[in-house]
Structures are given as C-alpha cells and as structure tokens.
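The values are calculated or read from the model by the stated rules, or taken from the named source; none is laboratory data. In this text the structure is predicted, and so the values were computed from the model without any measurement. Glycine also receives a Cβ, built like all others from the backbone with ideal geometry; neighbour counts cover every protein chain displayed.
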Amino acid sequence: MNPRLLIIDDEEMILRVYARALGRDFVVSCAADVETAIALGDVIFDAILCDYNLPGLSPRDLHEHLRRRSAEQAARLVVITGDEPRPHDAFVRMLLATERYLIKTCPTAMLIATMRRVAFPRLSPVGLPVEAP
C-alpha cells in the first residue's frame, strides 16, 4: 500500500497540481488550511506538504501541534513556498537544515524525492533499508 500524504494549500489549483504529481506514489488527502488539517484528528500521515503562506494558523503552528503528539510526525512536515527562505527565522532554519523547505518552482522530481525521503526515513536513496549502526 502506498504511504499517506497530506497536502495543505489554500489555492485549489496548486492542490490539484501537487496531488497529480504525487498521486502515483502516495494516497493523497488535501486540506485548504492548517485548521482543517488539525481537525483530521488521529489520522497518521507518512508525509505532510504544507504551503508556508496560509491564512489562519501557520505551518509553524502545525509543526507545534504535531510535535506535541509525536516528534516523528513533526519530522514528516515539509514546507513549500513561493518566497525565498528567511534564514533569520529559526523555524525556517530548522527546515532548511533538515532539507524540508522547498521553493514552489522546484522540479517535480525534487518534490517527489523529498516527499519519498520524508515518508521513508529509514530507506536509502535507492529504496533499500538503512542498516542500523
């Protein structure tokens, strides 16, 4: 069974584009805002792709919500934006350091690879299990 992916963006066209691009590899659910995503309750997603600039609650709020539930869930959040990174922002620095911050103009292959890596953190780049040290 394919992993579960939640995509959060307030632009319906963007949701459709991402869902189409990622739908081969993931079972995709969509939400127009963080509040709707949080309202999904106990649903566990293998990866979450969230627009940085949303009305209402922010990706930072979502990260805090996820972190209170599970550090593993919080680590599955990838933020995507049309803006350049804001390195003065500690949340953005953390996402950049863990390669979970994307620019919306990134190649589709990079988007897919990032979401796969987040969904399967224990696999090598070629899909083989990572051996424990």
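Being under 15 Å from I7 (Cα atoms) and over 12 Å from the mean Cα position of the chain (by Cα): is that true of A39 here?
Against the criterion (under 15 Å from I7 (Cα atoms) and over 12 Å from the mean Cα position of the chain (by Cα)), A39 qualifies.
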#### Entry: Subset of segment 43-66 that is modelled with pLDDT of 90 or more and touching a Ser or Thr at 6+ places or on another chain (Cβ under 8 Å) - its residue that is surrounded by the fewest Cβ atoms within 10 Å (Cβ to Cβ)
N53
### Query
So which of P133, P121 is outside any helix (DSSP H, G or I), at pLDDT below 90 and within 21 Å of H63 (Cα to Cα)?
P121
### Query
Under the condition of being out of contact with any His (no Cβ under 7 Å at 6 or more places or on another chain) and in a helix (DSSP H, G or I), which residue from segment 67-85 is surrounded by the most Cβ atoms within 10 Å (Cβ to Cβ)?
Q73
### Query
How many residues does segment 94-117 hold that are closer than 13 Å to Y18 by Cα and either of a type in the set (D, E) or in a loop (DSSP other than H, G, I, E, B) (or both)?
4
### Message
Could you tell me how many of the residues in segment 23-60 are outside any loop (DSSP other than H, G, I, E, B), in contact with a helix residue (DSSP H, G or I) (Cβ under 6 Å, 6 or more places away or on another chain) and either closer than 21 Å to A109 by Cα or acidic (D, E) (or both)?
### Response
4
### Query
Going through segment 86-123 one residue at a time, which ones are more than 24 Å from F26 (Cβ to Cβ) and buried (at least 16 other Cβ atoms within 10 Å of the Cβ)?
F91, V92
### Query
When segment 7-20 is examined, which residues are found to be under 15 Å from L54 (Cα atoms) and of a type in the set (A, V, I, L, M)?
I7, I8, M13, I14, L15
### Query
Cβ-Cβ below 7 Å, separation at least six or inter-chain, first residue in segment 80-103 and more than 17 Å from R117 (Cβ to Cβ), second among the acidic types (D, E) and modelled with pLDDT of 85 or more: which pairs?
T81/D51
### Message
Here is a list: A47, A31, A75, A21. Which entry is among the small types (G, A, S) and more than 16 Å from T114 (Cβ to Cβ)?
### Response
A31
### Summary
The correct count of residues that are among the charged types (D, E, K, R) and under 11 Å from V34 (Cβ atoms) in segment 54-72 is 3
